[in-house]
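What follows is one structure encoded as structure tokens, with my remarks underneath.
Please treat every number below as a calculation from the coordinates, not as lab data. Just so you know, these numbers come straight off a predicted model, no measurement behind them. Note that each Cβ is placed from the backbone with ideal geometry, even for glycine, and that neighbours are counted across all protein chains shown.
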Amino acid sequence: MKKKKKKRRLKIGRLFLLLLFLAVTSLAFVKMLDVKIRSIIITGNDVLTDQEIIEIADLEDYPSFLKTISYTVRKKILKNNYVSNVKVSKGLLRIKIDITEKKVLYIDGKTGSKVTKDGSINDEKIVCAPFLTSDIPSDKKSSFLKAMDKIDDDILCQISEIKYDPNEIDSDRYLAYMNDGNSVYLTVNKFKKINKYNTILENVGKQNGTLYLDYGDYFEVK
């Protein structure tokens, strides 16, 4: 009889320890689910602010780290019109978001639409891009977009306006008005030259005029 009681006590003790272990493990798991994201690192964005991306991804309250799924975050951000691609990765209570934005090539002077090589965006957001102040023949629109895409972002920010300005020699000629008061003539196959605008100005000095990058590559003082 004593041996049977001892065995029963051992079984009850083991069962109690097992239940206690399961309870502690379950409690620890529940607590882990509630551990929030500690930091959000965002890179690659220019048009969109960090706060805007956090709100788009529904991360403004720094939710549970374990419940936050990278795929879901990526899917939400990709819905934004300015985002062409995004990579989302998770570390130790940290989430990293690497954004690739669509490049705004110009703003339509008539409609205010922001034009990218993939289409247009209609909203009130302020972006750094020149205004297109003239119509462009439909058969030249594609080559114009490709040429604009070759201009560096920082130079695009220095152009206030651009217009189609053909002459007798070249029907693919454009005139860009710079923020500093200068003007630049370009042909569609030489748009990339304007990326050296700041270097050219260093040689010209502090004087306003017109830079001809269509033919001759020279600066004419006003």
For the range 177-222, what does the relative contact order come out to in percent, with C-alpha contacts under 8 Å and a separation of six or more? 41
Run the helix sum for the chain: -39,500 (n - 2.57) per DSSP H stretch of 4+ residues, divided by residue count, reported at 222 nm to the nearest 500 deg cm²/dmol. -9500 deg cm²/dmol
Using the Karplus equation 6.51 cos²θ - 1.76 cosθ + 1.60 (θ = phi - 60°), what ³J(HN,Hα) coupling, rounded to whole Hz, does each residue of the range 179-189 give in order, writing x for Gly and Pro? 5, 8, x, 7, 10, 9, 8, 9, 9, 4, 8
Once you put a point 7 Å from the Cα of Thr100 and another 7 Å from the Cα of Lys67, both along the Cβ direction, what distance in nm separates them? 3.2
Relative contact order in percent for the chain (Cα pairs under 8 Å, 6+ apart) equals 11
In nm², what is the average projected area of the convex hull enclosing the Cα atoms of the range 39-101? 3.6
Cα-centre dipole for the range 106-221 with unit charges at Cβ (Lys and Arg positive, Asp and Glu negative), debye to 20: 180
Would you indicate which of (i) 12.3; (ii) 14.6; (iii) 18.7 is the value of mean projected area of the Cα convex hull in nm² derived from the coordinates of this structure? (iii)
Straight-line reach from Lys140: which aspartates and glutamates fall under 13 Å, measuring Cα to Cα and dropping same-chain residues less than 8 apart? Asp165, Asp170, Asp172
Per-residue ³J(HN,Hα) for the range 88-105, Karplus 6.51 cos²θ - 1.76 cosθ + 1.60, θ = phi - 60°, Hz, x for Gly and Pro: 10, 9, 10, x, 6, 6, 9, 10, 10, 10, 10, 9, 10, 8, 6, 7, 7, 7
Using alpha carbons only, how many degrees (0 to 90, rounded to 10) separate the axis of helix 2-33 from the longest principal axis of the chain? 20
Positive end of the charge dipole of the chain (Lys, Arg +1 and Asp, Glu -1 on Cβ, about the Cα centre): tell me which of Asn179, Tyr215, Gln51 has its Cα farthest that way. Gln51
Quick one: dipole size for the chain, taken about the Cα centre, charges +1 on Lys/Arg Cβ and -1 on Asp/Glu Cβ, in debye to the nearest 20. 4320
Value of relative contact order over the range 39-101, rounded to a whole percent, pairs C-alpha under 8 Å and six or more apart: 46
The range 117-222 - Rg (one decimal) and Dmax (whole number), Cα, Å: 13.8, 40
Give, rounded to the nearest 20 debye, the magnitude of the charge dipole that the range 81-153 has about its Cα centre when Lys and Arg contribute +1 at Cβ and Asp and Glu contribute -1 at Cβ. 360
For Asn85, what residues show an amide H to amide H distance below 5 Å, using hydrogens built from the backbone and excluding near sequence neighbours? Thr100
Selection from Thr133, Asn85, Ser143 lying farthest towards where the dipole of the range 30-145 points positive, charges on Cβ: Asn85
